[in-house]
Structure formats: C-alpha cells, structure tokens
Amino acid sequence: MAGGGNSGDARGGRALLRIGLGALGVAAFVALWDAAYVFNWAPRGTLPDPFAVPGALLAEWRGDRLLPAVGSSLVHYVWGLGVGTVLGFGVGLLSATSRVFDDAHYMLARILRPIPPLAWVVFAIAWFQVSHAGAAFVISIGVFWVNYFATAAGVRDVDPRYYELARAFGHGGFIKRVGSVTLPGAAPGILSGMRTGVGQAWMTLIAAELLGVPGMGQEMNAAAGVGAYDAVVVYMLAISLIYTLSDGLFALIEKRLLRWRP
Amino acid sequence: MLEVRDLAYRFPGAEAPVFEGLDFTIGAGEFVALVGGSGVGKSTVLRNVSGLIRPSGGRTTSPQVAERGTRDTAFVFQDTRLLPWRRIRANVGYGLAGLGLSRAEKRARIDEVLTLIGMRDFGPRWPHAVSGGQAQRVGLARALAVHPRLLLMDEPFSAVDALTRQRLQDELLEIWRRLRMAVLFVTHDIAEAVYLADRVCVLRGAPADIVFDEAVPAARPHRRNDPDLQAFAVRVADHL
C-alpha cells in the first residue's frame with residue numbers, strides 16, 4: 001500500500017511539474033513576443049502587443065462579431081467535416097473491399113489526390129458562389145482524402161485470419177463480415193483518420209473563408225486589412241480553443257469505442 | 001458421421017497436391033486424432049472437411065441435417081482467434097447468429113458452455129484480460145456453443161505450457177464424455193493423440209496420404225502411463 005501511495009504521489013508530482021513547465025513555456029513565449037513587439041523585430045504595426053489581446057477580445061465580443069463569426073465557421077466546419085468524413089469513409093471502404101472498384105478508381109485517385117483542397121476554391125466560387133456551401137465544399141475535400149486513405153489502409157490491415165473465423169462461424173456474407181470483422185478490426189485506423197480529419201478541417205476552414213464567406217477567416221482578413229492584428233490573434237486563439245475542444249471530444253469518443261484495446 | 005473419399009487438395013499455383021486420395025471415416029461420437037509432421041497438410045484436411053476451402057478432388061460427406069440452433073461442424077483454431085473487440089461472452093456467442101435462436105436461448109447457450117469450461121464469471125472480460133489457456137477454453141466454448149455434431153480441432157493446445165496442456169486435454173475429454181460429439185483432432189504430438197483419441201490416423205508423404213489408421217488399444221479412461229498406450233505411441237511414431 002505504501003509503495004502504491006508513493007507511486008501515486010510520484011505521478012501527481014510529475015503531473016504538477018509538467019503543468020508548471022508548460023505554463024513556463026507559454027510565459028516565455030509571451031515574453032519573447034512582447035520583446036519582439038517592444039523592440040520592433042517585425043515590420044512596425046504588424047505585430048500586436050500580447051497584452052492588448054484581452055482588450056481586443058472584449059472589443060470583438062462587444063462589437064457582436066466574435067460569436068456570429070464562430071457560429072458561421074462552425075456551420076462550414078460541421079458540414080465540411082461531415083460530408084468529407086462520410087464520403088471518404090465510404091469510398092475508402094469500397095476501395096478496400098471491392099477489387100473491381102479499386103481497379104476502376106485508383107488512377108483517378110492518384111490524379112486528384114495531390115491537388116491541394118485550396119486549389120478548388122476557384123471552382124467553389126464558380127459553382128457555389130461565395131456561400132456557406134462553397135466553404136464547406138473546400139473543407140470537405142481535405143477531410144475526404146484523409147478519411148479515404150485511413151479507411152482503406154485500416155480495412156486492408158485487418159488480419160485475414162479473422163475472415164476465416166467469420167466464414168467458419170456463419171458470418172461469411174458481406175454484411176455480417178463487414179459488421180463483425182471489417183469495421184471493428186479497422187476501427188483504430190478509421191478513427192485515427194477521422195481524428196486527423198477533425199484537425200485538417202480547421203486548417204482548411206480559415207483559408208476557405210478567406211474567399212469572403214462570413215466566418216472567422218473573413219473576420220481575420222477584415223481585421224488585418226485595417227491593421228487590427230490584435231483582433232486577428234483573438235480569432236487565432238478562438239480557433240485554437242475550439243480545435244482543442246473538438247479534438248478532446250473526439251478523443252473521448254475514440255477511447256470509448258476502442259476500449260477493448262489493452 | 002463423416003465420410004471422406006479420395007480427397008485431394010492443391011494450393012493455388014502449386015504444381016503438386018499437398019495430399020490426394022485420402023479416405024477415412026469418423027463415426028458418430030468418435031474421437032479421431034490426425035497426426036503428421038509439419039507442413040504435411042493436417043490443417044488443410046480440416047479446412048477441406050469444414051468447407052473453409054474447396055477440395056481439388058474427391059468429396060466429404062456429412063449428414064448436413066443440422067437441427068435448429070446447431071451447426072454441422074465447428075472449428076477450434078490453433079491460435080484461439082478470439083475477436084479482440086468482443087467481450088468473452090460475445091466471442092462465445094459468435095456462431096449463434098442466424099441459427100434461429102431467440103435472445104434468451106442464446107444467453108442460455110452461452111451460460112451453458114461458459115459453465116462447462118469453468119469460466120462462467122469471465123463473460124464480461126475482454127480477450128486481452130484472459131490467459132493463453134483461458135483463451136483456448138473460450139475458443140473451445142465458442143465451438144461447443146453451436147452444438148456441433150463434428151468438432152474440428154487444429155492443434156488447439158500447441159501454444160500453451162505443458163501443465164496447462166495436460167489440464168486442457170483432461171477438460172476436453174470430460175466435455176467430450178458428456179456431449180459425445182464426433183471430434184477430428186489434428187496434432188503433431190503423438191502422446192496427445194493416443195491419450196485423447198479412440199483412433200489415430202497418420203498423414204505422411206508428398207503428396208500426403210493416410211499411412212496408418214488404427215484404434216487405440218486401451219479402454220477408456222486412458223491413463224498417460226499405460227504401457228499399452230506407450231507401445232501404441234511407438235507404433236504410431238514408426239509410421240511418421
């Protein structure tokens with residue numbers, strides 16, 4: 001018992017030390033940033049005072065710009081992430097389970113895959129004009145590829161001996177096989193891809209909104225246009241916060257779904 | 001119970017069959033051990049009999065009149081092959097889908113076989129939380145849950161330590177004595193074969209054939225140190 005208590009104390013102490021060092025790292029970064037501001041290491045007027053950021057946050061909040069921008073970005077995010085995830089998962093699953101489909105689409109995939117999501121912005125504007133759908137479309141492309149490759153690789157990596165087991169115990173049909181072996185066996189890879197997609201969607205979101213769709217990207221663009229770089233930082237920190245929350249939520253779901261792992 | 005006639009199998013792309021012309025039968029409730037060296041095709045025979053792979057020639061006939069809630073054959077794998085994402089109960093009940101059993105009947109069937117293998121309390125555990133011997137018992141329970149008329153066992157105890165192996169052999173014999181299904185037990189361990197089986201067949205050659213097929217000359221229950229069994233084991237070894 002005493003040993004267990006000591007071990008628990010040691011873990012608690014290590015956690016506190018980690019938090020302390022982490023906070024120190026953030027403080028050092030802010031100090032460096034402040035020094036850069038004070039000594040004008042960046043072109044004058046392009047680097048905000050870090051201590052002005054709380055005031056800028058208050059101004060964005062009171063100006064009724066922050067929450068609508070966050071809400072609008074979330075609409076793009078949820079649609080883009082949802083559509084990209086579902087399609088990427090579906091096409092990835094099909095490519096790993098159907099030889100004919102895999103043969104029919106692999107060349108097309110190799111042609112399209114290297115094209116960055118943002119290269120589709122011009123088509124997004126042409127097809128959807130400057131709209132929520134256009135931003136969601138651009139986001140969904142990046143998310144699609146992440147999920148497509150993760151799902152296809154995850155399914156291909158499932159131990160083939162489990163398929164023999166499925167056949168031996170009456171689960172040889174496609175639906176039963178996929179439900180009892182393919183999806184649970186590939187779940188670690190699929191969920192890892194989905195989690196990457198959750199992050200990827202945020203990366204693409206802001207750039208997609210720079211085309212003028214209301215959201216945090218547009219607000220950042222507008223603020224930078226009038227030299228309000230402290231407001232730009234407010235939106236950057238808002239993105240960081242929302243990403244951390246969404247990633248944390250997904251990590252909880254992932255942990256729950258993969259609780260069978262040792 | 002099972003009749004195998006002129007069975008042959010050639011792996012895709014292979015020039016020669018791994019075995020050909022195999023003839024043997026297994027009577028209802030009979031325990032038959034199939035012995036042979038590594039790579040001779042013992043496991044392939046089992047897969048042919050179970051229908052997991054299609055023979056290149058010959059045929060296997062079994063009654064194929066599985067009653068409701070049963071399967072004609074059930075397989076116990078060498079590597080246990082428990083699905084890591086299903087709890088022990090769900091692994092045991094894996095073969096019960098599609099057999100026309102109600103949910104209550106499935107629950108009762110799972111309880112029945114978990115009790116039979118002495119793991120009634122292990123149902124909620126994940127496979128990674130049981131030992132190698134326990135995992136092998138669960139693999140056996142999964143097969144027993146479908147009330148098979150023929151149990152196909154592919155070197156099921158080869159990966160456990162000697163003590164656990166002897167214990168599992170005795171447990172298997174006790175279960176077989178109570179349920180009396182036919183068993184085709186593949187092993188490379190002659191002592192195991194003569195201790196467990198009513199009859200021992202030896203598979204040898206390339207392509208392989210059954211070169212020895214005799215009843216074990218001892219009344220049950222077999223004793224490990226029975227001189228008759230040991231003499232029989234020497235005769236089996238002579239044919240390997």
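Some observations on this one:
- Which listed residue, of A:Ala238, A:Ala231, A:Ala251, is more than 25 Å from A:Pro117 (Cβ to Cβ), in contact (Cβ under 8 Å) with a residue 40 or more places away in the chain and either under 19 Å from the mean Cα position of the chain (by Cα) or more than 14 Å from chain B (Cβ to nearest Cβ) (or both): A:Ala231
- Scanning segment A:215-228 for residues that are touching a residue at least 60 places away in the same chain (Cβ under 8 Å) and surrounded by 15 or more Cβ atoms within 10 Å (Cβ to Cβ) yields a total of 6.
- In the condition set (1) at pLDDT 90 or above; (2) in contact with a helix residue (DSSP H, G or I) (Cβ under 8 Å, 6 or more places away or on another chain); (3) not hydrophobic (A, V, I, L, M, F, W, C), B:Thr60 is compliant with all but (1).
- Scanning segment B:147-158 turns up no residue that is assigned to a helix (DSSP H, G or I), over 18 Å from B:Ser50 (Cβ atoms) and modelled with pLDDT of 90 or more.
- Test: residue in segment B:45-52 that is under 20 Å from the mean Cα position of the chain (by Cα), within 14 Å of chain A (Cβ to nearest Cβ) and small (Gly, Ala, Ser): yes
Let's see how each residue does on (1) within 14 Å of chain B (Cβ to nearest Cβ); (2) touching an Asp or Glu at 6+ places or on another chain (Cβ under 7 Å):
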{"position": "A:Val130", "(1), (2)": "no, no"}
{"position": "A:Val138", "(1), (2)": "no, no"}
{"position": "A:Ile141", "(1), (2)": "no, no"}
{"position": "A:Trp145", "(1), (2)": "no, no"}
{"position": "A:Glu164", "(1), (2)": "yes, no"}
{"position": "A:Val198", "(1), (2)": "no, yes"}
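Residue-wise test of (1) in contact with an Asp or Glu (Cβ under 8 Å, 6 or more places away or on another chain); (2) not assigned by TED's automatic domain parsing to the domain that holds B:Leu163.
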| position | (1), (2) |
| --- | --- |
| B:Ser50 | no, no |
| B:Gly69 | yes, yes |
| B:Val76 | yes, yes |
| B:Ala90 | no, yes |
| B:Gly93 | no, yes |
| B:Leu101 | no, yes |
| B:Glu112 | no, yes |
| B:Thr115 | no, yes |
| B:Val138 | no, yes |
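- Each residue in segment A:168-193 was checked for being surrounded by 18 or more Cβ atoms within 10 Å (Cβ to Cβ), facing chain B (nearest Cβ under 9 Å) and of a type outside the set (Gly, Ala, Ser), and 4 pass.
- Among the residues of segment B:96-146, the one identified as under 17 Å from B:Glu174 (Cα atoms), part of a loop (DSSP other than H, G, I, E, B) and not hydrophobic (A, V, I, L, M, F, W, C) is B:Gly118.
Every residue, every condition in (1) modelled with pLDDT of 95 or more; (2) assigned to a helix (DSSP H, G or I); (3) surrounded by 14 or more Cβ atoms within 10 Å (Cβ to Cβ), yes or no:
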residue: A:Trp61; (1), (2), (3): no, yes, no
residue: A:Gly84; (1), (2), (3): yes, yes, yes
residue: A:Pro114; (1), (2), (3): no, no, no
residue: A:Ala135; (1), (2), (3): no, yes, yes
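- Filter pass, B:Gly98 being away from chain A (no Cβ under 12 Å) and small (Gly, Ala, Ser): no
- Restricting attention to segment B:114-154 and to residues that are within 14 Å of another protein chain (Cβ to nearest Cβ) and more than 18 Å from the chain's Cα centre (by Cα), the residue that is surrounded by the most Cβ atoms within 10 Å (Cβ to Cβ) turns out to be B:Pro127.
The values are calculated or read from the model by the stated rules, or taken from the named source; none is laboratory data. It should be emphasised that the depicted structure is a prediction, and the values quoted were computed from it without experimental measurement. Counting neighbours? That spans all protein chains shown, and the Cβs are built from the backbone with ideal geometry, glycine included.
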